[in-house]
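Everything on this sheet refers to the single structure shown next.
The values are calculated or read from the model by the stated rules, or taken from the named source; none is laboratory data. What you see is a predicted model, and the numbers here were worked out from it, not measured in a lab. Here the Cβ is made from the backbone with ideal geometry for all residues, glycine too, and neighbour counts use every protein chain on show. Note: areas computed on protein heavy atoms with side chains; ligands, DNA, RNA excluded. Shrake-Rupley method; radii C 1.70, N 1.55, O 1.52, S 1.80 Å.
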Amino acid sequence: MAMRIFQNNGLSRGFRMHRREGRYQDFAAGRAQFLDTRFTASHILMPVLDGSPDAFYTNGDDENLQLLWAKENGLGTSDLEQILLAQIEQHRTEVFYNLDPIRYCSRFVAKLPGCVKTSVAWRAAPSGNVDLSGYDLVVCNFPSILESWRQKGCKVAYFSPAHDPVMDSYASARSDEFDLIFIGGYTRHHVKRSQALTAAASAAGVRARFYLEDSRLTRLANALAPLPVLRSHRHPDEIRGIRADPVYGRDAYAATAKSRIVFNGAIDMAGDDRGNMRCFEAPGCGAVLLTDAGRYPEGFVDGETMLEYSSVEQIPELIGKLMRDEELASSIAKAGYAMVKERYSKTLQWTKFKELV
């Protein structure tokens, strides 16, 4: 039996700043243009990516996209919440899956039209006093965060990102333009990650590139002459020389496919749980995942499908090991690619989602 599924997403600040956006001709064209970027594609469900008539997708915080839909459907409002509710009602949604629940929390759920039978929120970060108890289910792949939501009165379930089939074309056309890359955020609050990045950047004889989404103060600190008040926000010299602008979606896939190693480090809030998107994207594009020790999802095995470091001091040593031992690097990359593609396919992700709802 078909399920009328509505998936809502939100655009990150960095993606908004750096995306190459053409003028939308209409809502359908704008949505197709976005989906082709593959931004957060590991979280987008198979029926959406396959264009199923039972699936509807939008980015509820994308003003240009949403106002086009409102105009095309004769809705005389610019209120993004009202537009999203109208879309859900017109679609006759049965299952509402929201990847942006901080913007659309329990107060929004209370306004959903009667056609919606089940509401699901993805949230994989601590969220202060935000109330998600109005959702029928809160999901993510970080057990400790799920437990925190459970203690706040939410029903929770483990649910994972998936392998984006588009990654296969990048994995099959690999090159080693770089030895090591990093893709992700950088702020002074990411203390452990910052220390790890500095150690990785210090590895001798390594062709490295760090694609960094910097905080506002970090951007300011690096744009100006060194100022004592901004010292803690400024990139270390080792990082400044190899920094590049952030990349997302297809651009991140392309960057990954040009490097032997993708470096990963959890932000401090993650505790011991691991499993951010990079864990799926790096092996999915055929690179070796070099990442910090912790509790990983099934299939992520140190020395087999990835390589772990347990201290900052180990990082240069492990990078050197992967550069010297091409057979080891190739073995881990191939095993990681096969594991992610088989264990975390879009088909299995969709099957799991249907079981949950």
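Quick notes on this one:
- Paramagnetic label zone (point 7 Å from Cα along Cα-to-C-beta, residue 73; backbone N under 19 Å) in the stretch 49-63: 49, 51-63
- Euclidean distance of C-alpha centroids, the stretch 253-313 and the stretch 193-213, integer Å: 14
- Cα Rg, Dmax, the stretch 48-131, angstrom units: 13.1, 38
- Over every Cα atom in the stretch 112-207, the radius of gyration and the widest Cα-Cα span, Dmax, amount to 19.6, 61 Å.
- Given charges at Cβ of Lys, Arg, Asp, Glu: the stretch 238-357 dipole, positive-most of 333, 323, 348: 348
- Lys, Arg +1 and Asp, Glu -1 on Cβ, resulting dipole of the chain about Cα centre, debye, nearest 20: 600
- With all protein chains kept in place, the per residue accessible area of the chain amounts to 45 square angstrom at a probe of 1.4 angstrom.
- Figure note: 306, 277 ranked by solvent-accessible area, largest first, 1.4 Å probe, ligands and nucleic acids not counted: 277, 306.
- Rounded to the nearest Hz, the phi-derived 3J(HN,Hα) couplings of the stretch 100-116 under the Karplus curve 6.51 cos²θ - 1.76 cosθ + 1.60 (θ = phi - 60°) are 10, x, 6, 6, 10, 8, 4, 4, 6, 4, 5, 9, 4, x, x, 5, 6, where x marks glycine and proline.
- Heavy-atom accessible surface of residue 130, to the nearest 10 Å², is about 40 Å², with a 1.4 Å probe and all protein chains retained.
- HN-Hα J in Hz across the stretch 290-304 - Karplus 6.51, -1.76, 1.60, θ = phi - 60°, x for Gly and Pro: 9, 9, 7, 5, x, 8, 9, x, 4, x, 8, 10, 4, x, 10
- Gained length - residue 207 relative to residue 118, 0.36 nm times residue gap less alpha-carbon distance: 27.2 nm
- Local electrostatic count, residue 118, Cβ distance below 12 Å [Lys/Arg +1, Asp/Glu -1]: +2
- Residue-normalised convex hull volume from the C-alpha trace of the chain: 146 Å³ per residue.
- Accessible surface of residue 298, taken over heavy atoms with a 1.4 Å probe and every protein chain present, rounds to 140 Å².
- Chain lengthening between residue 191 and residue 20 when straightened (0.36 nm per residue, less Cα-Cα): 58.5 nm
- Pairwise FRET efficiency - residue 325 versus residue 173, Cβ, R0 = 22 Å, nearest 0.05: 0.40
- In Å, descending, principal axis extents of the Cα set of the stretch 1-44: 40, 23, 14
- Net dipole in debye of the stretch 7-79 [+1 Lys, Arg Cβ; -1 Asp, Glu Cβ; about Cα centre; nearest 20]: 340
- Each of residue 158 and residue 237 was given a label point 7 Å from its Cα along the Cα-to-Cβ line. The distance between the two points is 4.6 nm.
- Estimated at 0.36 nm per residue, the fully extended path between residue 334 and residue 151 surpasses their Cα-Cα distance by 61.9 nm.
- Computed E for residue 29/residue 125 - FRET, C-beta separation, R0 30 angstrom, nearest 0.05: 0.40
- The stretch 247-357, dipole about Cα centre (Lys/Arg Cβ +1, Asp/Glu Cβ -1), debye to the nearest 20: 600
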